[in-house]
Amino acid sequence: MKKYVWPSVKLTVVFIIICSVLYPLLIAGVAKLAPGGGKGETVTVDGKIVGYANIGQKFTEDKYFWGRPSAVDYNAAGSAGSNKGATNPDYLKQVQERIDSFLMHNPSVKKAEIPAELVTASGSGLDPDLSPYGAKIQVKRIAAARKLDEAKLISLVDQQTNKPLLGLFGPAKVNVLKLNIELNKLK
């Protein structure tokens with residue numbers, strides 16, 4: 001029995017060191033190379049932190065672009081989806097309420113034109129981005145609320161659109177927080 005126990009103990013100690021010490025140190029070192037040094041990429045305006053670039057923010061006023069709904073009310077400590085199936089009656093009711101609210105605030109938009117991303121929450125509940133179409137469909141509402149030219153807002157969305165990596169990988173997307181910060185700078 002001693003023949004099997006001692007190698008098992010040694011192997012356990014080796015894997016504890018690898019998995020509990022070396023791997024976390026490696027990941028922390030790699031994170032230091034990322035924007036924000038592993039603490040998240042903060043977005044500042046006039047020297048004040050207004051949010052994080054990789055965490056969705058809640059915008060509900062008509063004068064701002066709205067982001068994707070959140071199943072956790074944008075609480076980063078409780079990141080999660082709703083975990084309700086696509087046929088769950090509660091989920092369908094919630095989506096319908098979001099559709100009704102969106103149509104009430106955007107009367108020029110038809111129900112069939114609303115992108116799913118504006119009425120369904122992401123898996124994390126913290127998605128900070130929209131598709132360019134998801135942003136542009138809100139332009140009429142924002143232009144009316146701010147008394148701005150729609151073409152100016154469309155141009156702003158185009159300027160804030162991040163293209164796919166190397167033109168191939170991933171979709172084009174717009175960070176809603178950064179877009180709204182630039183929107184506030186328009187006169």
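Every residue, every condition in (1) under 23 Å from Ala76 (Cβ atoms); (2) more than 30 Å from the chain's Cα centre (by Cα); (3) of a type outside the set (Asp, Glu); (4) part of a loop (DSSP other than H, G, I, E, B), yes or no:
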| site | (1), (2), (3), (4) |
| --- | --- |
| Lys3 | no, yes, yes, no |
| Val9 | no, yes, yes, no |
| Ile17 | no, yes, yes, no |
| Ser20 | no, yes, yes, no |
| Ala28 | yes, no, yes, no |
| Gly38 | yes, no, yes, yes |
Using beta carbons and a limit of 7 Å, which pairs, at least six apart or on different chains, have the first residue in the range 71-84 and surrounded by fewer than 17 Cβ atoms within 10 Å (Cβ to Cβ) and the second one aromatic (Phe, Trp, Tyr)?
Lys84/Tyr91
Which of the residues belonging to the range 156-187 are β-branched (Val, Ile, Thr) and assigned to a helix (DSSP H, G or I)?
Val157, Val176, Ile181
Residue under question is Thr120, and the condition is that it be among the polar types (S, T, N, Q), under 20 Å from Phe59 (Cβ atoms) and either in a loop (DSSP other than H, G, I, E, B) or not assigned by TED's automatic domain parsing to the domain that holds Phe59 (or both); does it hold?
yes
Residues (out of contact with any Ser or Thr (no Cβ under 8 Å at 6 or more places or on another chain) and of a type in the set (A, V, I, L, M, F, W, C)) located in the range 81-102:
Ala86, Leu92, Ile99, Phe102
Of the conditions (1) free of Cβ contacts under 8 Å to residues at least 40 places away in the same chain; (2) of a type outside the set (A, V, I, L, M); (3) surrounded by 13 or more Cβ atoms within 10 Å (Cβ to Cβ), the single one that Lys111 does not satisfy is (3)
Where Ala135 falls short, out of the listed (1) assigned to a loop (DSSP other than H, G, I, E, B); (2) among the hydrophobic types (A, V, I, L, M, F, W, C); (3) within 14 Å of the chain's Cα centre (by Cα)
(1)
Please find, among Ile181, Ile142, the residue that is out of contact with any helix residue (DSSP H, G or I) (no Cβ under 9 Å at 6 or more places or on another chain), surrounded by 15 or more Cβ atoms within 10 Å (Cβ to Cβ), more than 30 Å from Asp90 (Cβ to Cβ) and touching a residue at least 40 places away in the same chain (Cβ under 8 Å).
Ile181
Leu153 surrounded by 15 or more Cβ atoms within 10 Å (Cβ to Cβ) and either in a helix (DSSP H, G or I) or not assigned by TED's automatic domain parsing to the domain that holds Ala116 (or both):
yes
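The values are calculated or read from the model by the stated rules, or taken from the named source; none is laboratory data. Note that the structure is predicted; figures quoted are calculated from it, not measured. Note that we place each Cβ from the backbone using ideal geometry, even for glycine, and neighbour counts take in every protein chain shown.
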